[in-house]
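Values in this text are rule-based calculations from the coordinates and carry no lab data. No experiment lies behind these values; they were computed from the predicted model shown. Because the Cβ atoms are built from the backbone with ideal geometry, glycine has one as well, and the counts that use them run over all protein chains shown.
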Amino acid sequence: MAEAAAGNPEEGVLSRLEKLEARARALALKQEEAEQQQRQEVARLRARIRQLRRRRDELKGKVSLQQAALGRREEATSSGAEPVPTARVQERALLQWKVETVEAMLRVFYLTGISGKLTERGVCFCLSTAYDGNYLDSYYLDIVITQPVRIHRHSVPIFIPLKRIAAKYLQTDVRCFLATLSAHLNAYVGRKYQADYLQKHFSAFLGGHWQKNSLYNMLAFNYDVTTESSTFPFRVKLLYGDLDRSLPTEASVSCKEDVPASLLEKAATHSSLFMNMALHKAFDTFRKAAETPDNTEGTVPHWAGQETFLTAGMGHLRFSKSQATWMREIGTSEHQAPGLCHGQLYLAPEH
Amino acid sequence: MAARGRRGRGAAGGAMDVTVAEFIRRTVLKVPRSHIPALLQAWGFLPAARLQALDVRPLKEAIAEAVVQLCQENSASIKEAAVLDIVYNHTFQNKRVWTVYQMTKATGGETDIFDFTAFKRKFKRRIQSSLINVTINFKEFEDNAIWIRIAWGTSYTKPNQYKATYVVYHSQTPYAFISKSINRSNLPLLCQALIVASNYGDIREMELRSHCLDSLKDIVFKRYSQTFQTHHPKPLQERNVAPENVDPRLIQEDKSEKERIQRVNQEVFGDGPQPKLEFAQYKLETMFKSSPKMVNVSERESFRCLVKFSSPHLLEALKSLAPAGMADAPLSPLLTCIPHKARNYFKIKERKGVLAAGLVSP
């Protein structure tokens, strides 16, 4: 480089440029070669993948063929010795049916009111409530079995005296605890149901000035009593002293002073009526008395026959003896069977 | 304003205080125009016929004027104005920040039959025994909620109607919801009056605050959706799932992981809507754990740090963290225990003997 520079500077530069050009060309060639090699490699690998896939499919086919052949061979040999394998098959089918029946029973067990499921640390109880043939809300208790037994989580409303009941019964007698809590919850939803039903369906009778509290154990309202001549406003105050009952312990019906004596005794009868009958039923009798004064009590429809009904909240569960299935109808009919409804479960073996 | 008052005094129906008129006017101006008829109807003070005659003209000022005129004809007093204020705050309850207070019984007693009249009387008596210049009003709403409005004054000044404190109480529950008023000096008196009136022994402030009053009620009354293990299957909810055109040759590598995340998420948060909270605040009082190389911070001192999560709907945001891939499932129990422990302000201290941070409830 030095002599080229010393000799002829332009030649030196040109030769340098030539050398650089040559180097660039060589590099480009090398790069192309490398790329081509890479492409060849990729193509080779792809071919290998296809080959391996084909081999895998072949082997899979062979395995399935062999299994089928094995199965056929088993059947062929077993067709000779009939009773034993079919007995085994039958046993298995029976066991399967038993398991399914138990699972189905567990699934509908919540309809009894108190059901539970084992968890890792304890039990999760489900208290379902019902009133007057309607299934209402479910409340849950997550209990951890430690020493002492404690409630980990729950969805019981805050105004139910859960702590008090738990302090009394949880450590000693769990059954009693659940029964008491269930009674409280059922009574609460019963009272709430009566009040809501009354407000919804008998609004024509009611006067207003509703007073109630969260537990629905105090209810006061005005309602109208119609006689032949005119209507008089009565005010009733119901106190539910027992939290596990849905009937009041105290019912005081009051009216203004300037009313005829017949109405005063009517107030007394109403008072005893409220003490012994559910609110909406009492108002039902009022309504019937208002419509047909001679008729004392309507006939109770008798549910007979193959089908029994259970209304559950927003829908109806129909348990049919004739069919081995149970159907769920979504309906919002207000029709309820007065009195208690009985339901029977039939789970067919074939199902 | 004074002129309006004088004008009002000449109208039929009697005099109405200038301050009351101004208060009513300002309250009506706060209400969005579309809500004014419903609000006035819920108030129930003005006769229905006049309310229907009131037309909602373009300018809210004119509507407010008309309402004030009607009130003057019906001789509204501060009591009715206060009830209007209660109805306004009940309709727009999410504008205030509510704090939850828990009351405890000194001795275990039976669940009493709640007597509203006795409650009102005891409450008023307790407050008015210490402070004469207060305006106290009550209103009961359909969902058994009792709203109490207290406008505070001092020995020298009249009650300030524009900075009233609101208390929401449900009978037979040990919880009261108080909206933060700026003046905290009257808070002890208020708490005293509450426990006296509701027959409890003690009251304490819970670390639970939010704008959404209904969500606070859901949390403490246990009305929010919790998952419990049961045998009976819950009815499946319809979800709009678009049919996927899946090439059968495509395999989702993390399908089992996604399903696991969904399952864990559902176990923790449940299916239903979450209560609406805006903040979760964690005050760390733990030691700074550094690698041995960094010796800048002295290891004796606790490293004070405040972590605050804020969101328009915090719990829904936490619920969607794991499915979105932004956090591991299951989430830290510090985040998921918020509705269960009924608090969103935490203090985290050192767990003695263990290096991890533990939860301490004050």
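For segment A:112-188, what's the radius of gyration and Dmax over Cα atoms, in angstrom?
Calculated on Cα positions, Rg and Dmax stand at 12.1, 39 Å.
How many Cβ atoms of partner chains, on average, are near each residue of A:210-220 if near means within 10 Å of its Cβ?
5
Mind jotting down the distance between the C-alpha centroids of segment A:112-132 and segment A:182-198, whole Å?
What the calculation gives is 19 Å, centre to centre.
How shielded is A:160-167 by partner chains, expressed as the average number of their Cβ atoms within 10 Å of its Cβ atoms?
Whole-number average of other-chain Cβ neighbours for A:160-167 is 2.
Cβ under 14 Å from residue B:90's Cβ, residue B:90 left aside: what net charge do those residues give with Lys, Arg +1 and Asp, Glu -1?
Local charge sum for residue B:90: +1.
Quick one: grab Rg to one decimal and Dmax as a whole number for segment B:120-277, Cα atoms only, in Å.
24.2, 83
Using only the alpha carbons, work out the radius of gyration and Dmax of segment B:112-187 in angstrom.
12.8, 39
Give the lysines reachable from residue B:60 as a straight Cα distance under 24 Å; neighbours fewer than 8 places away on the same chain don't count.
Hits, sequence-local ones excluded: B:30, B:79, B:95, B:163.
Could you sort B:203-212, B:113-122, A:98-107 so that the peptide with the highest average Cβ count within 10 Å comes first and the rest follow in order?
B:203-212, B:113-122, A:98-107
Which cross-chain or sequence-distant (5 or more) residues have an amide H under 5 Å from the amide H of residue B:105, H modelled 1.01 Å from N in plane?
B:201
Could you work out the relative contact order of segment A:112-188, using alpha carbon pairs under 8 angstrom and six or more residues apart, expressed as a whole percent?
With pairs under 8 Å counted, the relative contact order is 22 percent.
Counting pairs of alpha carbon atoms under 8 Å apart in space and at least six apart in sequence, what relative contact order in percent does segment A:58-187 give?
Computed over segment A:58-187, the figure is 13 percent.
On average over all directions, what projected area in square nanometres does segment B:243-285 have, based on the convex hull of its Cα atoms?
Over every viewing direction, the Cα hull of segment B:243-285 projects on average to 6.2 nm².
If packing is taken as the mean number of other Cβ atoms within 10 Å per residue, what is the order of A:197-206, B:304-313, B:340-349, highest first?
B:340-349, A:197-206, B:304-313
Inside 10 Å of the C-beta atoms of A:140-148, what's the mean count of C-beta atoms belonging to other chains?
1
What FRET efficiency comes out for residue B:326 versus residue A:263 if R0 is 60 angstrom and r is the Cβ-Cβ distance? Round to the nearest 0.05.
0.25
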